[in-house]
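What follows draws every value from the coordinates through simple rules; no lab data is involved. The shown structure was predicted, so the numbers you read here are calculated from the model rather than taken from an experiment. A quick note on method: Cβ atoms are made from the backbone with ideal geometry, for glycine too, and the neighbour counts reach across all protein chains shown.
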Amino acid sequence: MSNSPSIRTENLSIHFGGHAAVNNVTCAFHPGELTVIVGPNGAGKTTWFNLVSGQLRPTQGRIFLGERDITTLSPSQRARAGIGRAFQLTNLFPKLSVFENVRLAVQGKARQGHRMFARTAALSGLKDKAMHFLEQTNLAAVAELPATALPHGDQRKLEVAMLLAMEPDIFMFDEPTAGMSVDEAPVILDLIARIKEDASRTILLVEHKMDVVRALADRIVVLHNGELVADGDPAEVMDMALVRDIYLGTGADEVA
Amino acid sequence: MSMARNSSALASKSLRGSAISATWPGRLVVYGAVALIGLALALAPFLFPDVRSQEVAARICVFIVLVASYDLLIGYTGIVSFAHTMFFGLGAYGTAIALKTMGPGFEAILLGGGLGVVAALVLALLIGLLSLRVKAIFFAMVTLSAASVMMVLASQLSDFTGGEDGITYSIPRLFSPAFELLSDAEGKAVRLFGVPLNGKIALYYFVFISALVLFLAMMRIVASPLGSVLKAIRENELRAEAIGYRVVFYRTTIFCIAAGIAACAGILRAVWLKYTGPDVVLSFDIMIDILLMVVIGGMGTMLGAVIGVVLMTLAQYYLKDLMALGAEATGSLPLVPDLLYPERWLLWLGLGFILLVYFFPSGIVGTLLGKGGQK
């Protein structure tokens, strides 16, 4: 692991009415590290993700990207600063083509969105790059279909393709394999493993499937009722009695 | 849309040619119709030399620009604004007031029109920055009230605007029918296809070429990276933000661009008509016409503006005549002549609109090109 954290949250909390969806979470993540965030439904995993990528503003606490305080930045500013996010509920541009979905992400990274009088079709750099990410995710054959015409598994892949196309420093995956068939999931997991090969990248992954967790995690963070209850080496964390209680079944009454 | 555009570039890599070929008859019809309209407008002074046809052709040119610029907002970006006639009016009134006070010169058009465009840009920037963050419905309300204020101002500041009567003025001599572009030995205007080459022709081509340039610029904008971001914002604002696009910035930018282009259309209208008043540039009737034209042509299709404007304008000008002929021809039948009585033309226009929306749910061009679903 590298020494200084690439992203960290400090006493991060958000309250909805009287309910603390995320409560006082302090933790730091390092380049080259893949952290899986686990916890039962309603534990605050996705809410914590939304705080980090900017879709929600915290009630209290701060978020740092490297040394920079990004707590008050908008989602687009954070995206440009290097935080990339794939969504759990598929969140695409439904009527645009698969290719166009990815091309838009490439174009955002290249900061070409303001160009008014260039022809998009003539910007071959953007085009080639977008095709490259589509090939990586096995979507090249359906590049021209509207995103909404894809089956669910392919839409999940498209989410990942768009995240790759953003070329961020921080990769945030929210249940990337949810609802995917058994043969489809390995493609995504392979991709994540390949992202990990570059030691400058920090990967955060919300995931339920234990086999995925075991295969990929360098570290596990457990959230429960909005609080961070365990953090550490996968084997150790999975062994903790508390974690077994809340995560592996006996805590069914805790589900919000 | 991007599907179709990317198709050629990706054809070699794609296995899905069928999705494109399924719409080719539609494309043929659309491109053919637009080419015909373009040709007819380009040759209008020679094809249809009478005064009324000239008025129709010039109105079509100006409205294509106005409607296409509105489509940048409602069709491409998903912004609902009712202030488009306000910007149109700013361009027209700026030109009109300058021509009235400075006299009929090009410098008046340039200065007055320029000030009108600048005023439109500034106003659009203010409205955009203040209210494009709020929900679409509130934004629509803000634009509606701004447009109402502008109408009140136009009628109240009658020293400048002529109030409800509007302003009548002269335009540069180059554009007057008495001016001869080319004169023959006897000092008369040279005729081409029997049409004298006088200032009226120059004026028409001033309108036509300006409109063409503005329309082509808009075609370019929607095919640019900026255009693709606009579509992304229309489709999924939150995701556009999440991949790094500042949505408010893009919305404000296109709102200003559309306002500036509408103001340019206002300049053309003012110069052509030699008259500017609330009824011809500011009224909500015009706003409704713009909306209908966009819907008829198809939202989010630049070419739809061309088709929508032509159909609607021809109906507005000629449906009555057509019905009078029909009523005469069917004079011996019961009921039919009453139905075709010319004063009932709005009934038929409305009926036609309902049928169009029923058979072309995404507008004529939108449906023929197979773009999008029902709105």
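Show the residues, 5+ positions off or on another chain, whose built amide H is closer than 5 Å to the amide H of B:Gly300.
B:Gly75, B:Tyr76
Near A:Met240, within a Cβ-to-Cβ distance under 15 Å, what is the net charge of the other residues, with Lys and Arg +1 and Asp and Glu -1?
Within the 15 Å Cβ shell, the charges total -4.
Taking chain B as a Gaussian network, where each spring joins two C-alpha atoms under 10 Å apart, which residue of B:Gly91, B:Gly304, B:Gly103 fluctuates the most?
Result: B:Gly103 has the largest fluctuation of those listed.
In the stretch B:132-270, what is the volume of the convex hull around the alpha carbon atoms, normalised per residue and reported in Å³?
Spread over its residues, the Cα hull of the stretch B:132-270 gives 161 Å³ apiece.
In nm, give the distance between the simple-model label positions of B:Leu129 and B:Arg27, each being 7 Å from the Cα along the Cα-to-Cβ direction.
Going by the 7 Å Cα→Cβ label model, 4.3 nm.
Report the relative contact order of chain A, percent, no decimals, based on alpha-carbon pairs under 8 angstrom and at least 6 residues apart. Can you show the working numbers first?
Details: 467 pairs, mean separation 72.1, N = 256.
Normalised by residue count, the contact order of chain A is 28 percent.
Work from the charge dipole of chain B (Cβ charges, +1 for Lys and Arg, -1 for Asp and Glu, about the Cα centre) and give the residue of B:Phe353, B:Met102, B:Ile221 farthest towards its positive end.
Projecting each Cα onto the dipole axis, the largest value belongs to B:Ile221.
Among B:Ala68, B:Ala242, B:Ala120, whose Cα projects farthest towards the positive end of the dipole of the stretch B:45-282, with charges put on the beta-carbon of Lys, Arg (+1) and Asp, Glu (-1)?
Going by the Cα projections, it comes out as B:Ala242.
Say R0 is 22 Å: what FRET efficiency, to the nearest 0.05, do B:Ala178 and B:Phe46 get from their beta-carbon distance? Intermediate results must be reported in sequence, preceding the final value.
On the way: r = 20 Å, r/R0 = 0.90.
Efficiency computed from Cβ-Cβ geometry: 0.65.
For the stretch A:198-211, just list the computed ³J(HN,Hα) in residue order, Karplus coefficients 6.51, -1.76 and 1.60, θ = phi - 60°, integers in Hz, with x standing in for Gly and Pro.
Running phi through 6.51 cos²θ - 1.76 cosθ + 1.60 with θ = phi - 60° gives 7, 6, 8, 9, 10, 10, 10, 9, 8, 8, 9, 6, 5, 5 Hz.
With Rg and the Kirkwood Rh both taken from Cα atoms, where does Rg over Rh land for the stretch A:104-256?
Reported Rg/Rh (Cα atoms, Kirkwood Rh): 1.05.
Could you rank the peptides A:41-47, B:159-165, B:84-90 by their average count of other C-beta atoms within 10 Å per residue, with the highest value first?
Top to bottom by mean Cβ count within 10 Å: B:84-90, A:41-47, B:159-165.
Given C-alpha coordinates of the stretch B:47-149, what is the ratio Rg to Rh with the Kirkwood estimate of Rh?
Checking Rg against Rh, the ratio lands at 1.06.
Other chains' Cβ within 10 Å of A:87-94 residues: what's the mean?
3
To the nearest 0.05, how large is the calculated FRET efficiency for B:Asp279 and B:Met102 if R₀ is 35 Å and r is the Cβ-Cβ distance? Don't jump to the answer; show the numbers that get you there.
Values: r = 24 Å, r/R0 = 0.70.
Once the sixth-power term is evaluated, E becomes 0.90.
Of the residues B:Ser158, B:Ser332, B:Ser81, which exhibits the maximal mean-square fluctuation in a Gaussian network model of chain B defined by a 10 Å Cα contact cut-off?
Comparing B:Ser158, B:Ser332, B:Ser81 in a Gaussian network model of chain B, the most mobile one is B:Ser332.
Percent relative contact order of chain B, based on C-alpha pairs within less than 8 angstrom and at least six residues apart? Display every interim value, and only then the final one.
Details: 544 pairs, mean separation 100.1, N = 375.
That works out to 27 percent.
Can you bin chain A into rounded, prolate or oblate? Criterion: square roots of the alpha carbon gyration tensor eigenvalues sorted a ≥ b ≥ c, rounded for a/c under 1.5, prolate for a/b above b/c, oblate for the rest.
prolate
Going by average Cβ neighbours within 10 Å, how do the peptides A:72-80, A:237-245 rank, with the highest at the top?
In descending order of packing, they fall as A:72-80, A:237-245.
Taking the stretch A:1-72 as the region of interest, what is the percent of Cα-Cα pairs per 5 angstrom bin, listed from the shortest bin to the one with the maximum distance?
With 5 Å bins starting at 0, P(r) equals 4, 17, 26, 26, 17, 8, 2, 1.
Given Cα positions, please report Rg to Rh for the stretch B:304-375, the hydrodynamic radius being the Kirkwood one.
Dividing the radius of gyration by the Kirkwood radius yields 1.10.
Compactness ratio of the protein assembly as shown: Cα Rg over 2.2 N^0.38 Å, N = residue count?
With N residues counted in the protein assembly as shown, Rg over 2.2 N^0.38 Å equals 1.18.
Dimensions of the stretch A:6-142 along principal axes (Cα, Å, largest first)?
The principal-axis extents, from largest down, are 51, 33, 30 Å.
Determine the sum of side-chain charges near A:Gly82: Lys and Arg each +1, Asp and Glu each -1, restricted to other residues whose C-beta is under 15 angstrom from that of A:Gly82.
Values: positive: A:Arg8, A:Arg68, A:Arg78, A:Arg80, A:Arg85, A:Lys109, A:Arg111, A:Arg201; negative: A:Glu67, A:Asp69, A:Glu167, A:Asp169, A:Asp198.
Neighbour charge sum, excluding A:Gly82 itself: +3.
Evaluate peptide B:233-240: per residue, the Cβ atoms of other protein chains within 10 Å of its Cβ; return the mean as an integer.
Mean shielding by partner chains, rounded to a whole number: 6.
Starting from 0 in steps of 10 Å, tell me what percent of the Cα-Cα pairs of chain B lands in each bin.
5, 21, 30, 25, 14, 5, 1, 0
Label points 7 Å out from Cα along the Cβ direction at A:Arg214 and B:Leu335: separation in nm?
The answer from the label model is 8.0 nm.
Put +1 on the Cβ of every Lys and Arg and -1 on every Asp and Glu Cβ in the protein assembly as shown; which of B:Ile307, B:Ala263, B:Val195 then has its Cα farthest towards the positive end of the dipole?
B:Val195
Please get the size of the charge dipole for chain A, origin at its Cα centre, with Cβ charges of +1 on Lys and Arg and -1 on Asp and Glu, quoted in debye to the nearest 20.
1260 debye
Taking θ as phi - 60°, what are the ³J(HN,Hα) couplings along the stretch A:187-192 by the Karplus curve (6.51, -1.76, 1.60), each to the nearest whole Hz, with x for Gly and Pro?
4, 5, 5, 4, 4, 5
For peptide A:102-112, compute the average count of partner chain beta-carbon atoms within 10 Å of each residue's beta-carbon.
Other-chain Cβ atoms within 10 Å of each residue's Cβ, averaged: 5.
Can you list the residues, at least 5 places off or on another chain, whose amide H is less than 5 Å from the amide H of A:Gln60, using H built in the peptide plane?
A:Ser13
Taking amide H atoms as placed 1.01 Å from N in the peptide plane, list the residues 5 or more away in sequence, or in a different chain, whose amide H sits under 5 Å from that of A:Glu227.
Counting only residues 5 or more places away or on other chains, the set is A:Asn23.
Around B:Thr168, what is the net charge, scoring Lys/Arg as +1 and Asp/Glu as -1 over all other residues with Cβ under 15 Å from its Cβ?
Once positives and negatives cancel, what remains is 0.
Using the crude model of +1 on Lys and Arg Cβ and -1 on Asp and Glu Cβ, and no other charge, please compute the dipole size for chain B relative to its Cα centre, in debye to 20.
1440 debye
Show me, for the stretch B:252-260, the HN-Hα J-couplings you get by feeding each phi into the Karplus relation (A = 6.51, B = -1.76, C = 1.60, θ = phi - 60°), rounded to Hz, glycine and proline as x.
5, 4, 6, 5, 5, 4, 4, 5, x
For the stretch A:91-168, what is the convex hull volume of its Cα atoms per residue in Å³? Could you put the intermediate results ahead of the total?
Details: hull volume 6.7 nm³, N = 78.
Taking the convex hull of the Cα positions in the stretch A:91-168, it is 86 Å³ per residue.
When you count, for each residue, the other Cβ atoms within 10 Å and take the mean per peptide, how do A:85-93, A:100-108, B:185-193, B:127-135 rank with the highest first?
Peptide ranking by packing, descending: A:100-108, A:85-93, B:127-135, B:185-193.
Compute, for the stretch B:304-375, the length of the dipole vector about the Cα centre, with Cβ point charges of +1 (Lys, Arg) and -1 (Asp, Glu) only. Units Debye, rounded to 20.
Charge dipole of the stretch B:304-375: 380 debye, to the nearest 20.
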